[in-house]
Amino acid sequence: MSAAVALLAQGHEVTMLDAGNSLERERAELVRQMSEKDKGEWTAAQVSAVKDNMRSGAAGIPLKYIYGSDYPYRDGETHLPRRGNDTGLLPSYAQGGLASVWGASVLPYHASELGSWPITYEDLAPHYASVFSYLPLSGVEDGLEPQFPLYSSKFGSLPQSRQAQLFLADLDRNKEALHAKGFLFGRSRLAIESTGCAACGLCMYGCPYGLIYNPAFTLRDLRTNPLFHYQPGVVVERFSENAGGVRIEARSLADGSPLTYEGSRLFSGAGVLPTAKLFLESTQSYGQKLSVLDSQYFLLPMLRYAGAPGAAKEELHTLAQAFIEIFDERISANSVHLQVYTYNDLYRQAIQAMLRFAYPLFRPMSDAFLQRMLLIQGYLHSDLSARIELTLDKSGTLEMNGRRSPATRAALKGVVRKLRTSRSLLKAMPIGPGMKVSEPGRGFHSGGTLPMRSQPGPFETDRLGRPYGFERVHIVDSSVLPTINASTITLTVMANAHRIASDRSLS
């Protein structure tokens, strides 16, 4: 979507080929009905339907659904058969991709962490701003802003939960000491229309008012442009270059018939796994090993010194409420990104699952616990994280195997130790034994399979995402990022795609 926006702005004619899976008609109708009513008018049956299939246990949420649907992940095995072990990375054939079910966190990469990239931060920065011309932002100017600019003059602010207000107030009181220890913090940055938020607490299940950004929203706007042509129901299988252009071989999802397209250039933003398969199939590189870089994802509960009475009954949004960035070279040469979540009903569901029949006896204790509990969703830089090895066989099956890094455990221990030794400043204690470390790829902050290089070789790309040996094919998703930094990934992927598609040499 980001590349298409940039190309159309230059007057190019753009055809988008997309599998385009979308929400089932019945569920879409349910959401439409809810969107036209005040939250007080929703029925229990409607709310229950939106929450369908989302289950939380001691290990977290197995898979995040949207409006009770798994459509963002559907047909993955059909279009991209896979085998292997120790990986949670999935493809998406949905309209809007995995961003149709994301947590909407948008923070740029830190300027100091692009040292191995063939572009500078100054090359990327204006495209962060360009993305925010159509991406909504909820955020504020606070302690994060000097190191992580907002890049937007049009931003709103979501209401904060009481737990978040109290937590950030404690951090502010100890700001100088925390900064001296390498902590930066502030309110979360979210791609959401803050005006109109009903604080209904359904964010994790899907916003009935459609306020959380989905690339399908941009698609809807692009389809009003006469230069833009959208072709859903298409899966691209191969590409090749010819004199002055590219040839694309695809198939129709309706009847399986072969389809062929011609264009002056190809921009591939299919996502890490589909792009890897497409490239390996197109170059007949069967058996060639590619390495997916990952940002290690982990969950860590924290217990506040003081509770926020009534947290479970408060009207609130349930996306990330605060961000904490840790800069400590004893843990990592790069930043560590922490997203802080306050109460949502999935926490109680997890406690019920753990206690089972004994839960009624412990209900008062669990209520007191939930008033104090914060949940950190954290990420490490790819240098400290696992990798996933990929190979494609001639049958079209992708072999995927996670390869853990010995550096991960030490870094995570360092994060817990850092938070524990700072507890008097944070007014909160990390619950180390409660940490859950995901399998490689489970956080969906992955890429780097065809990394950009100043002088690319085989299975690498140049600064415009062109694979070695190609002139008119551009990879514009996270496959080309040379590193996967700890910060949120989607905003940087969008900015880099916009940068590539805006390059004047493409005219």
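The values are calculated or read from the model by the stated rules, or taken from the named source; none is laboratory data. Just so it is clear, the model here is predicted, and its values are computed rather than measured. Counting neighbours? That spans all protein chains shown, and the Cβs are built from the backbone with ideal geometry, glycine included. Heads up: the accessible areas ignore ligands, DNA and RNA and are worked out on the full protein's heavy atoms, side chains in. Shrake-Rupley method; radii C 1.70, N 1.55, O 1.52, S 1.80 Å.
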Placing +1 on the Cβ of each Lys and Arg and -1 on the Cβ of each Asp and Glu in the stretch 412-486, which of Gln455, Leu419, Gly465 has its Cα farthest towards the positive end of the resulting dipole? Leu419
Karplus ³J(HN,Hα) for the stretch 454-463 (6.51 cos²θ - 1.76 cosθ + 1.60, θ = phi - 60°; Hz, whole; x = Gly/Pro) runs 5, 10, x, x, x, 6, 10, 10, 8, 5
Name the residues whose placed amide hydrogens come within less than 5 Å of the amide hydrogen of Ser268, ignoring near sequence neighbours (fewer than 5 apart) on the same chain. His474, Ile475, Val476
Which loop-located GluC sites (Glu not before Pro) does the stretch 197-289 contain, where loop means any DSSP state but H, G, I, E or B and the Cβ has at most 11 other Cβ atoms within 10 Å? none
Percent of all alpha-carbon pairs of the chain at distances over 28 Å, whole number, is 54 percent
Is the C-alpha gyration tensor of the stretch 460-507 telling us rounded, prolate or oblate? Criteria: a/c under 1.5 is rounded; beyond that, a/b larger than b/c is prolate, otherwise oblate. oblate
Give me the one-decimal nm value for the distance between modelled label points at Ala44 and Tyr468, 7 Å along each residue's Cα-to-Cβ direction. 6.3 nm
Enumerate the amide H contacts of Leu259 below 5 Å, restricted to partners 5 or more residues apart or on another chain; note that Pro and chain-start residues carry no placed amide H. Ala250, Arg251, Ser252
Give the whole-number value, in cubic angstrom per residue, of the convex hull volume spanned by the C-alpha atoms of the stretch 1-87. 192 Å³
So how strong a dipole does the chain carry about its Cα centre when Lys and Arg Cβ are +1 and Asp and Glu Cβ are -1, to the nearest 20 debye? 1540 debye
How much of the accessible area of the chain, in percent, comes from carbon and sulfur atoms when a 1.4 Å probe is used? 50 percent
Loop-located trypsin sites (Lys or Arg not before Pro) in the stretch 144-216, at most 10 other Cβ atoms within 10 Å (DSSP): Lys154
Where does the charge balance sit around Ala254 when Lys and Arg score +1, Asp and Glu -1, over other residues with C-beta under 14 Å from its C-beta? -2
For the stretch 73-168: Kirkwood Rh in Å [reciprocal of mean 1/r, alpha carbons]: 17.0 Å
Under the rule a/c < 1.5 gives rounded, and otherwise a/b versus b/c splits prolate from oblate, where does the stretch 119-173 land using the Cα gyration tensor? oblate
In whole Å and largest first, what semi-axes does the C-alpha gyration tensor of the stretch 398-507 yield when each eigenvalue is scaled by 5 and square-rooted? 37, 17, 11
With N residues in the stretch 212-318, what two-decimal value do you get for its Cα radius of gyration over 2.2 N^0.38 Å? 1.71
Computed lengthening from Arg223 to Leu8, 0.36 nm per intervening residue step minus Cα-Cα distance: 76.3 nm
Amide H within-cut-off set for Ser285, under 5 Å, with H built and near neighbours excluded: none
Residue by residue through the stretch 110-120, which ³J(HN,Hα) values in whole Hz follow from phi under the Karplus form 6.51 cos²θ - 1.76 cosθ + 1.60 (θ = phi - 60°), with glycine and proline marked x? 6, 4, 7, 9, 10, x, 8, 8, x, 10, 9
Which value, in Å² rounded to 10, gives the accessible area of Leu227 with a 1.4 Å probe and all protein chains present? 60 Å²
Which whole-Hz ³J(HN,Hα) couplings does the stretch 224-232 yield from phi under the Karplus relation 6.51 cos²θ - 1.76 cosθ + 1.60, θ = phi - 60°, glycine and proline marked x? 8, 8, x, 7, 10, 10, 10, 10, x
